[in-house]
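In what follows, a structure is listed as structure tokens, so that the remarks can point back to it.
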Amino acid sequence: MPHELFGLRLVARRPLTPRVLELRFARVDGHPFDYIPGQFITLHLPGPEGELRRSYSIASSPEEATETGSIAIAVTEVPNGRACRILFGLSAGEVVQASGPFGRFILRDDPGMDYLLVATGTGVSPYRAMLPSLGQRLARSGREIRLLLGVRGPDEVLYGQDFLDLAQALPAFGFTACLSRFLSDPPRSHERKGYVQETLQSLPLDPRRQVVYLCGNPEMIDASLAYLKSLDFALPAIRREKYLSAN
Ligand SMILES: Cc1cc2nc3c(=O)[nH]c(=O)nc-3n(C[C@H](O)[C@H](O)[C@H](O)COP(=O)(O)OP(=O)(O)OC[C@H]3O[C@@H](n4cnc5c(N)ncnc54)[C@H](O)[C@@H]3O)c2cc1C
């Protein structure tokens, strides 16, 4: 069944890191955005050989969408990426077609469970959209939520300050940037050297107490999934969103 398309007008763009651009869009029809944090939209872009469909996680919370009348996505620059070329070339005022929201990578009722949220690169966007919901859950219960973000260096920690702010406000929230190439000089307390999977494997994990979310690079997700299964995590407690490239 064809999806209903709607126009999105670019209202702002800002670099988040040297390779990631945040694009902020408003709906052309003026309708409010209706989505659950963790969902994505699909952009329908005009490619040289026909329509390119590319999905992007919504990086802004519904609260922010109501306040600003816009949603944000964070796009990584991929070498020879066809959609990236179009998106990095967009100017304010230009319109793209979109459908959605889609996806089930969302927070659910998991009474008494702690959350471990794991991402590589822009895979952290869904968690940024969840920030107010995470804050509310932490304020209501004795849960712990820990976020691991894997990137190459400190200049690639997108939305890092937002996560550090929550960690400062709520000690039950922890944020670790796992940096595969180099740390800040001097290193900052939330930084660890190495791949995100290595930090994951160094944590005390318990399938009776934790639900794990994995988002971003498919290899990281497959490796983490295999590890968690070896610890007897049940599949419903390992929630995944792979950033695969389409056509
Ligand atoms: C549910 C979902 C959510 C997604 N959310 C986001 C998001 O929030 N932000 C985001 O930036 N992307 C996201 N993606 C990936 C995105 O949809 C595109 O695949 C990506 O932007 C590349 O598209 P492209 O047309 O520019 O590259 P293509 O022209 O399709 O690919 C060009 C070349 O780059 C390689 N390539 C493709 N993607 C990557 C990559 N990530 N890293 C390295 N090489 C790559 C391809 O294998 C190919 O060789 C998501 C994907 C899914 C399925």
Report, by residue number, each residue of the range 102-126 that is of a type outside the set (Gly, Ala, Ser), over 15 Å from ILE36 (Cα atoms) and out of contact with any helix residue (DSSP H, G or I) (no Cβ under 7 Å at 6 or more places or on another chain). ASP110, PRO111, MET113, ASP114, TYR115, LEU116, THR122, VAL124
Test: VAL157 is of a type outside the set (Asp, Glu), surrounded by 15 or more Cβ atoms within 10 Å (Cβ to Cβ), touching a residue at least 40 places away in the same chain (Cβ under 8 Å) and more than 16 Å from the ligand (Cβ to nearest atom): no
Going through ALA237, ALA177, ALA226, ALA172 one at a time, which residue ends up being over 30 Å from THR42 (Cα atoms) and among the aliphatic types (A, V, I, L, M)? ALA172
Taking the range 70-101, which residues are of a type outside the set (A, V, I, L, M, F, W, C) and over 14 Å from TYR35 (Cβ atoms)? THR76, GLU77, PRO79, ASN80, GLY81, ARG82, ARG85, GLY89, SER91, GLY93, GLU94, GLN97
Would you please list the contacts, defined by Cβ atoms under 8 Å and residues six or more apart or on different chains, that run from a residue in the range 117-135 that is at positive phi to a residue that is of a type in the set (Asp, Glu) and more than 10 Å from the ligand (Cβ to nearest atom)? GLY121/GLU156
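This table checks each residue for (1) crowded, with 22+ Cβ neighbours inside 10 Å; (2) within 17 Å of the chain's Cα centre (by Cα).
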site	(1), (2)
PRO18	no, no
ALA26	no, no
GLY50	no, no
TYR56	yes, yes
PRO62	no, yes
THR68	no, no
ALA74	yes, yes
Considering only the range 81-92, state which residues are within 16 Å of the ligand (Cβ to nearest atom) and part of a loop (DSSP other than H, G, I, E, B). GLY81, GLY89, LEU90
Take the conditions outside the structural domain of VAL11 (by TED's automatic domain parsing) and touching a residue at least 40 places away in the same chain (Cβ under 8 Å) and apply them to ALA139. Does it pass? no
Which of the residues that make up the range 199-223 are in contact with a strand residue (DSSP E or B) (Cβ under 7 Å, 6 or more places away or on another chain) and either over 29 Å from PHE40 (Cα atoms) or part of a helix (DSSP H, G or I) (or both)? THR199, LEU200, PRO218, MET220, ILE221
Would you check if GLY89 is in the same structural domain as VAL196 (by TED's automatic domain parsing) and more than 23 Å from GLN210 (Cα to Cα)? no
Which ones in the range 52-80 are within 11 Å of the ligand (Cβ to nearest atom) and among the hydroxyl-bearing types (Ser, Thr, Tyr)? SER55, TYR56, SER57, THR76
Any residue at all in the range 178-191 that is in a strand (DSSP E or B), at pLDDT 95 or above and either within 16 Å of the ligand (Cβ to nearest atom) or under 22 Å from PRO37 (Cα atoms) (or both)? no
Out of the range 93-118, which residues are near the ligand (Cβ under 10 Å from one of its atoms) and either within 13 Å of the chain's Cα centre (by Cα) or in a loop (DSSP other than H, G, I, E, B) (or both)? GLY103, PHE105
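The values are calculated or read from the model by the stated rules, or taken from the named source; none is laboratory data. All values reported here derive from a predicted model rather than from experimental measurement. Ideal geometry is used to build each Cβ from the backbone, glycine not excepted, and the neighbour counts take in all protein chains shown.
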